[in-house]
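*Asks:* This structure is in structure tokens; I'll ask about it shortly.
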Amino acid sequence: MTYNVFGGTLNPTLLLLKFFPLSVLWFALFVWLLAYKPYKSAYDKDSAPANKQYYCEVCEKQLNGPQPYNAHMKSKAHREELEAAGIYA
């Protein structure tokens with residue numbers, strides 16, 4: 001495909017090379033390939049939580065670390081879930 005620019009025809013590839021040296025274009029492609037990550041849906045429920053270390057089985061909650069996990073274990077919502085499940089701690 002060519003474009004009519006200023007009374008002449010111009011190839012878009014040549015136009016790109018006119019403003020950007022080939023080394024810059026190769027570098028941009030390389031950076032883009034390094035940054036590319038395949039799409040993974042946040043709503044994918046088929047897989048189990050990756051880190052079961054801080055997972056509450058009763059509430060079915062995944063927590064980020066030891067402090068949120070301990071706070072959750074002491075929370076009113078967790079105690080209510082325990083009572084609803086018939087587990088008394």
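Per-residue answers, yes or no, for (1) modelled with pLDDT under 90; (2) surrounded by 10 or more Cβ atoms within 10 Å (Cβ to Cβ):
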{"site": "TYR43", "(1), (2)": "yes, no"}
{"site": "ALA48", "(1), (2)": "yes, no"}
{"site": "CYS59", "(1), (2)": "no, yes"}
{"site": "GLN62", "(1), (2)": "no, yes"}
{"site": "GLY65", "(1), (2)": "yes, yes"}
{"site": "PRO68", "(1), (2)": "no, yes"}
{"site": "ARG79", "(1), (2)": "no, yes"}
{"site": "LEU82", "(1), (2)": "no, yes"}
{"site": "ALA89", "(1), (2)": "yes, no"}
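*Asks:* Kindly indicate whether PHE27 is at pLDDT 80 or above and over 21 Å from the mean Cα position of the chain (by Cα).
*Replies:* Yes; evaluated as a whole, the condition is true for this residue.
*Asks:* Still on this model: Please name all residue pairs, on different chains or six or more residues apart, with Cβ atoms under 7 Å, provided the first residue is in the stretch 70-88 and is closer than 14 Å to GLU57 by Cβ and the second residue is loosely packed, with under 13 Cβ neighbours inside 10 Å.
*Replies:* That search, which allows pairs on different chains as well, returns LEU82/TYR88; LEU82/ALA89.
The values are calculated or read from the model by the stated rules, or taken from the named source; none is laboratory data. Everything numeric in this text was worked out from a predicted model, so none of it was measured. Every residue, glycine as well, gets a Cβ built from its backbone with ideal geometry; the counts of neighbours run over all protein chains shown.
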